[in-house]
Structures are given as structure tokens and as C-alpha cells.
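The values are calculated or read from the model by the stated rules, or taken from the named source; none is laboratory data. Values in this document were obtained by computation on a predicted structure and should not be read as measured data. Because the Cβ atoms are built from the backbone with ideal geometry, glycine has one as well, and the counts that use them run over all protein chains shown.
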Amino acid sequence: MNIHEYQAKELLAKFGVPVPAGYAAMSAEEAVAAMKKLPGPLYVVKAQIHAGGRGKGKFKELPPEAKGGVRLAKTEQEVREAANEMLGNTLVTVQTGEAGKQVQRLYITDGVDIEKEFYLALLVNRATGRISFVASTEGGMDIETVAHDSPEKIHTIDVDPATGFMPHHGRSVAAALELEGDLAKQAAKVASTLYAAFLGTDAAQIEINPLAVTGDKQLMVLDAKVGFDSNAMFRHKDLAELRDLTEEDPMEIEASKYDLAYIKLDGDIGCMVNGAGLAMATMDIIKLNGMFPANFLDVGGGANTEKVTAAFKIILSDPAVKGILVNIFGGIMKCDVIAEGIVAAAKEVNLSVPLVVRLEGTNVQQGKDILANSGLPIVPANDLGDAAQKIVAEVKKAA
């Protein structure tokens, strides 16, 4: 689960992370009111969407020469104009894709005299199984570009969970940012508070870009991107309330209601699979056979008729889907139960695209018999390779 920048900064500030003063605004009037609460004389008006690259982004409804989603303002009129241009319009950045995201809220912050910018992030290092700091002197840039062009400028510092954050971790972060003296001490403290925030919120990622040295030699977090482990939200009801459904894909929202792991993709073959590894293999073999998956969908090990029906409805709500491949290995979840769910779901949603089903595992023959006797045009498959070939052939035949 991701949150907006203004929410992230308010949250980090509670842990002692230094952030400039700022206020959220949902209208031009609220933006002006927020500006009047700040000391000035410089203000920053920032579009709030769940995507990076806002400053370099462009609004669909505005002329190409118009400024992006992060603007400086010195007067009430400039704040009002920026707010009126941003709110309700669609901001397209390198991370949103061509569709862009509609701006529904703004963040008005105090302007800061920036002397130097850095990049600092915390994430779960899958290779080491530890929380890691990622630090670079090249702040304010796309970290992917830095990694590609200057990988030696990115430093990774692991934290052993047995000891937690220690003073030497703070010194390592300061060294990676090439800071000395009082700024090094500040960097160590910022790293410590970020680590505490990471653990305290069950975060999946905290990205600070930029972490800046101000004109008065203070470290300040100027932008923050925070995401949480969705599986831990039952422990953080207050954080769950920060979720902005308007920033999420409607199909992914619907899937979350049924505890389905769903991610929309750009292909034309809908996939319904149990198990993340099997789902990945299914997507790979579809591509190997010349077409592309329309989604990742893991129904999990405890799927029932309700879940399967919901999964079918979600898949079919995507107008790009031209066929569905169901690939189920029955272990805890028996094949006959899944087959009954598939038949019930196909009848309820009035299936109108080709459907190929591959079942294997517990009660597989009973499951195949249920599908064969359903009276529905369900194409059975013997194995994963056979399933992929058949769904691609069926879609091409129906085209």
C-alpha cells in the first residue's frame, strides 16, 4: 500500500525525521490558505499522485510548454494559478505511462534554499533477507539512471536484524553521502529515525529523493515516497485509513476484497492460477507461445466458488482480454472443488471468450469430469505447455 507525499512526511515527522512545513490542499482556496500558514517568501506547489517524476511531467490538458507537477511560487496569485492548473487535470510522468493520473490534491510546502541533494532509501534486500540503506550522492535524479550510468555512486548498507540499527550504520550512511562533521552527525540521526520508521510502520520501502543540505547547513527531507507491506496492515488501522483508492486500479481494488493477488498487465490472455511461482511460469509460457498475459492473478490455496467467480469477473472486466487460461495445481485446494467453481463462474458471468483449463493434483479426474459434463465450451489441457498452445490457438481462431 502506497501513500501520498504529504502523508509520508507527516508520518516520518512523528519519528523525528526533519521535513519542511507543509499542508495538503484539495482546492485553490485551500492552497492559498495553506500558503498563508507558511513563513515564505518561497513556496512549492506539488501535485499529489502515486508516481515519481512529477516535476518533469506534463499535463494532458495544458499546452506542452506548461510547467509540470512541481512549481515554485512567490505570491498568492502564483499559488492560486498553479493550483487551478493542476487540480482536476491529468499529469503524465515516466512512471504513470501515457494514461497519466488525475491530480485531486496538492501539497503546499515551504521553499528551501538547497545547497546539495542526495538520495537515501530503505528497502528489504531480498538477497540478504535484511533491511538495507541505499545511498547516493546523486540526489534529485532518477536512481535508475544513476544505477545504469554510474553504479559506483550507489552504496548499499545492510542492517543485521539481530543487532538492529547501530552507530556504525549511521557513520556508513554519512560516508556514502560524503558528509563530514556536523552534517555527518545529522545524516546518522536521519538514518536512525528512518530505520525506526521503517520498522514501526512495517514499511516495504522508504525513499527520500532528495535529502538536501540547506543553505543553513541542515539536512532536510524534501520528498518522500513510502509504501507498506499490505499483509501487515491489520496491525496498523491508522495507516490503512491513509489509503487513497482513487490512485489504485479499480480491478486491483476489487481483487483485494476477495483476498486475490491481482496485478493488471498489458496483454490479452487472462490468467487465473494458484501459487505465485506457477502464475509466473504461466505468464512466461504464454509469452513463449507468442502472446502476452493480461494479468497476474493468484487465487491462493484456499479458493472457493466465490473467489473463483470474483476472479473471472475481474479478468473479464478488462476489455483487452481475448481468452482465459486457468492453471490450477490442486493440493490443499481440490481439483473437483475448483472445477465446480469454474463452471459456476463461467455460467454466472456468461463467458464469451475462449477458456482453457489445466488441472493437476488432488481429485484431478473428478475435476476433469465436472468440466467435461458442464455443457460449456471449456477446452481441457494436459499440461502447462499444452494449455499455453491451446489458449493461443483458440484466441487466434476467435479473432
Output the number of the condition that residue 92 fails; it satisfies all remaining conditions of (1) modelled with pLDDT of 95 or more; (2) touching a Lys or Arg at 6+ places or on another chain (Cβ under 6 Å). (1)
Quick check on this structure: which one of 165, 133 is modelled with pLDDT of 95 or more, surrounded by 13 or more Cβ atoms within 10 Å (Cβ to Cβ) and part of a loop (DSSP other than H, G, I, E, B)? 165
Yes or no: residue 353 among the β-branched types (Val, Ile, Thr), in a loop (DSSP other than H, G, I, E, B) and either in the same structural domain as residue 275 (by TED's automatic domain parsing) or touching a strand residue (DSSP E or B) at 6+ places or on another chain (Cβ under 7 Å) (or both)? yes
Please go through the stretch 7-42 and give me each residue that is closer than 21 Å to residue 74 by Cβ and among the aromatic types (Phe, Trp, Tyr), ordered by number. 23
Which ones in the stretch 367-399 are part of a helix (DSSP H, G or I) and surrounded by fewer than 16 Cβ atoms within 10 Å (Cβ to Cβ)? 369, 372, 385, 386, 393, 396, 397, 398
Cβ-Cβ under 8 Å pairs, at least 6 apart or on other chains, the stretch 250-272 side not assigned by TED's automatic domain parsing to the domain that holds residue 306 and at pLDDT below 90, far side in a helix (DSSP H, G or I) and among the hydroxyl-bearing types (Ser, Thr, Tyr): none
I'd like the residue in the stretch 136-151 that is outside any loop (DSSP other than H, G, I, E, B) and out of contact with any Asp or Glu (no Cβ under 7 Å at 6 or more places or on another chain) and, out of all such residues, is nearest to residue 176 (Cα to Cα). 136
Hey, residue 82 hits all of (1) of a type in the set (Gly, Ala, Ser); (2) touching a helix residue (DSSP H, G or I) at 6+ places or on another chain (Cβ under 7 Å); (3) buried (at least 23 other Cβ atoms within 10 Å of the Cβ) but one; which does it fall short on? (2)
